[in-house]
1. Report the label-to-label distance for Leu146 and Trp176 in nanometres (one decimal), using points 7 Å from each Cα along the Cα→Cβ vector.
2. How much length is gained on full extension from Ala168 to Leu6, taking 0.36 nm per residue of separation minus their Cα-Cα distance?
Amino acid sequence: MNLEVLLLFIPACFALNLTPGPNNLLAMNNAQRFSLTSALLAGVGRLLAFALMIALAAGGLAMVLYTSEFVFTAIKVIGALYLFHTAWKLWFVGTGKQQDVKPDSTPGLQALMKQEFLLAAGNPKAILIFTAFLPQFVDPAGNVPLQFAIVGGLFLLMEWVAIGLYGAAGVYLRQWFARPAGQRLFNRICSVLLAGAGGGLLVSQR
C-alpha cells in the first residue's frame, strides 16, 4: 500500500473509531466504575469481534448481510435485545465506593470482555461498515489479503486508542460522580443511551 492511501485512510478511520456508540459508551462506563486498565482489557473482547468481522469482509462472506434480509434482521433483533438487556442491568447496578483494582483481580473482567464482544458482534451495521469502508482502500490489482490485513490491523489499533480515550473520559468523570447518588445517575444516563441505541438498531435498515 502506498503512503498516499494510508494518509487518507488513517484520519478517516480514526474518525470512525471515535464515533459515539454502544461499545465506546460501555468502555467509558467500565472505566468510571472500575478502572482505565479494566476498560482497556475488556475492550479486547470488542477487538476480537471486529477482527472476525474484518476477516468475514475480506473473505466476501459479509455479502450475506447485503443479500439476506432475514439474516440481517435476525442479527439486528438479537443485538438490540442484548443492548436492552445491558441497559436494564446497568440501570440497577450497585453503586458502592469507587476504587481502582489490579487488572488480574478485577471482579468479572472476563464477563466485561464477553460483554464488549457480544455488544460488538450483535451490531450488523458494524460488518456493513467494514464491507463498505475498508475495501475503498484496497487495490484489487495488488495483494488483497495483505492489504486487508494492513487496513484491518490499523483499524483495530486505532479502535483500541479510542477505547483508551473514552475510558480516560470515564475516569475523569469519576470525580463528578464520586458519591453513590452521582454514580447511580451516571449509570442510568448510560443505561438510557444504550437503550436508545438498541431502539435505533431495531429501526435501522440495511
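1. Between Leu146 and Trp176, the label points sit 4.8 nm apart.
2. Details: separation 162, 0.36 × 162 = 58.32 nm, distance 2.72 nm.
Gain on extension, Ala168 to Leu6, equals 55.6 nm.
The numbers here are math on the coordinates, done by the rules we state, and not lab data. Being a predicted model, the structure only gives us computed values, none of them experimental. We place every Cβ from the backbone using ideal geometry, glycine too, and count neighbours over all the protein chains shown.
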